[in-house]
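Shown next, in structure tokens, is the structure this report addresses.
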Amino acid sequence: MKNLIAIDLGAGSGRVILGVYDGKKLSLSEYHRFINNPIKCENHICWDIESLLKEIKTGIDKILQAGILPDCIAIDSWGVDFVLTDRNGGMLGLPVTYRDERTKGVMDKVIAQIGGDAIYKQSGIQFLSFNTLYQLVTLIQQQPCWLDDVDCLQFIPDYLGFRLTGQKNCEFTNATTSQMVDCHTGEWSSILDDLAIPRQWLLPIQAPNRLISHYRSERFDVEIPFASVASHDTASAVLAVPFDCRKAAYLSSGTWSLMGMESLSPLVNAQAQQLNITNEGGAEGRFRVLKNIMGLWIVQRIQHELESYSFSDLVSLAETAPAFVSLINPDHAMFLNPPSMVEAVQAFCYQTEQPTPQSPGALIRCVLESLALQYRSVWVGLNALSEQPLEGIHIVGGGSQNALLNQWCADACGCPVWAGPIEASVVGNLCGQLIALQALSGVDAARRLVRDSFTITTYHPEGEALFSEQWQRFIALCNTELVEQDVCC
Ligand code: ADP
Ligand code: LRH
């Protein structure tokens, strides 16, 4: 039997969960959940690192308080963002969030300077304006007064681990989200030299699912082994996808919708580049061939603005609203962090000469139908790239509780959908710890454990014709040029 603590940080919320492995099954008990609220600092939106650390320690203490002696502890979080430290390990500036505006326009300039082909061929990573690469170029251009003091860059989960244990680390799966790792060698790429990003800031890249240190709690007088797992939350979520013998896709559905498939080698070719498909690193050196879709972030932000509606209220209202009245391109940059998401959705519809959704039901229906249609686009792209046809889609993460969207995903893609587990990143994090403790032999054994431990709900496609009728209209809308000043405020 093993008692394990998973700390899983999403961009919206964090949780500290106890996982108990009895040799046959894994069960979860949530001890602590907290909001991850970015803060404004010198005109940038930043992660409140000290508050995250405080919440993490509170969660661990709750578990220790219950008299449980954990065998291991590990952290995973969102990708791309990082902390810079000086020679004494002190934090230099607060880490800026990937939704901050500072990188606006930088990616295009970098592509013009060194060429998109060169970046993609080496990294195999999708072009997203907020990749670490563009954040670092921006930072070097901005020249903050402390820039010369930088000694080390650590990604968020590695840095939080460092604060808990004193051990520095650079874990592979999260490092790959930077677009600075050569996907063919697993080492830092020569793109860094082309852009004068100091290599001496970077630590050697290490494989996940290893014990690396201990966390000592003075208050409870215990020392808990600390593991570096697949510390990119999506990599841990993919580890927890209950694949069986069928070749299938996955959709990690939360703040983002990450849709993809697993591959033993990177898939880097002209077609993949044209589709802006990424090859992020996974556990056991596997690759996450996937695409970011803006995801339930849009709904989260609308819910925040409409305050009095719960998530399930909004989904019920969407279900009864008229179908396919207005559609948006959910991946348009205008939805990354607009001042008002309701207004951004309405502006997109107005500019594309569609009725502007007014009621909560109409707004959410517009967003969820558009997400389902985008799932279809990515599904078609993945099938074109896959050597074997994909037989269905595993949906994991908090969004897998959205039965309406699960059904629409099955309908839009015309394939079965298997939903669960809900806490996929936590489950992947826990399985990574079991691998580090040699209680599981690897990823395949982990997935057997997931299948044996969690309920999976199947959705069969019912209304494919409806979605396929709308798909050409959706693609045309996605290709429509919008006028920036009208859509961004
Ligand atoms: P993150 O990527 O931030 O870790 P999660 O995996 O926690 O995200 O998923 C959060 C999402 O889960 C929310 O945005 C919401 O869309 C969805 N969700 C949470 N609870 C429910 C629920 N009861 N019914 C439907 N969807 C839900
Ligand atoms: C999801 C996620 C995603 C990244 C984004 C920054 O939480 O890690 O995989 O692209 O956040």
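Exactly one residue out of LEU449, LEU437, LEU430 is among the aliphatic types (A, V, I, L, M), closer than 30 Å to ILE17 by Cβ, within 16 Å of ligand 1 (Cβ to nearest atom) and in contact with a Leu (Cβ under 9 Å, 6 or more places away or on another chain), and it is LEU430.
Quick grid of which residues meet (1) within 16 Å of ligand 2 (Cβ to nearest atom); (2) among the small types (Gly, Ala, Ser); (3) at pLDDT below 95:
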{"residue": "ASN3", "(1), (2), (3)": "no, no, no"}
{"residue": "ASN43", "(1), (2), (3)": "no, no, yes"}
{"residue": "ASP48", "(1), (2), (3)": "no, no, no"}
{"residue": "GLY59", "(1), (2), (3)": "no, yes, no"}
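When ILE328 is tested against the conditions (1) surrounded by 19 or more Cβ atoms within 10 Å (Cβ to Cβ); (2) assigned to a helix (DSSP H, G or I); (3) over 20 Å from the mean Cα position of the chain (by Cα); (4) among the hydrophobic types (A, V, I, L, M, F, W, C), the lone failure is (2). The C-beta contact set for region 2-28 (first residue closer than 14 Å to LEU440 by Cβ, second residue β-branched (Val, Ile, Thr) and in a strand (DSSP E or B), distance under 8 angstrom, 6+ apart or interchain) comprises LYS2/VAL20; LEU4/VAL20; LEU4/ILE73; GLY19/ILE5; LEU26/VAL20. Filtered by the rule that a residue be touching a residue at least 60 places away in the same chain (Cβ under 8 Å), more than 14 Å from ligand 1 (Cβ to nearest atom) and assigned to a loop (DSSP other than H, G, I, E, B), region 385-401 gives SER386, GLN388, PRO389, LEU390, GLU391, GLY392. Selection of region 385-436 for residues being of a type in the set (Ser, Thr, Tyr) and crowded, with 24+ Cβ neighbours inside 10 Å yields SER400, SER425. VAL268: touching a Gly at 6+ places or on another chain (Cβ under 6 Å) and more than 16 Å from ligand 2 (Cβ to nearest atom), yes or no? Yes. Of all residues in region 206-241, those that are over 15 Å from MET259 (Cα atoms) and part of a loop (DSSP other than H, G, I, E, B) total 10. Restricting attention to region 366-384, and to residues there that are among the hydroxyl-bearing types (Ser, Thr, Tyr) and buried (at least 24 other Cβ atoms within 10 Å of the Cβ), which single residue is farthest from ligand 2 (Cβ to nearest atom)? Top of the filtered list is SER370. Per the listing TRP256, TRP188, the residue uniquely surrounded by fewer than 21 Cβ atoms within 10 Å (Cβ to Cβ), of a type outside the set (Asp, Glu) and modelled with pLDDT of 95 or more is TRP188. It is to be established whether one or more residues within region 284-307 are part of a loop (DSSP other than H, G, I, E, B) and at pLDDT below 95. Yes, because at least one residue in region 284-307 is part of a loop (DSSP other than H, G, I, E, B) and at pLDDT below 95.
Filtered by the rule that a residue be without any contact (Cβ under 8 Å) to a residue 40 or more places away in the chain and either crowded, with 21+ Cβ neighbours inside 10 Å or of a type in the set (Lys, Arg) (or both), region 350-365 gives a lone residue, PRO357.
Only one entry of LEU405, LEU363 meets the criterion of being within 16 Å of ALA323 (Cβ to Cβ) and within 11 Å of ligand 1 (Cβ to nearest atom), and that entry is LEU405. Restricted to strands (runs of 3 or more DSSP E) entirely inside region 1-106, those with at least 2 residues that are among the hydroxyl-bearing types (Ser, Thr, Tyr) and more than 25 Å from THR173 (Cα to Cα) are 26-35.
The values are calculated or read from the model by the stated rules, or taken from the named source; none is laboratory data. Quick caveat, the model's predicted, so the values are computed rather than measured. Note: ideal-geometry Cβ built from the backbone for every residue, glycine included; neighbour counts use all protein chains shown.
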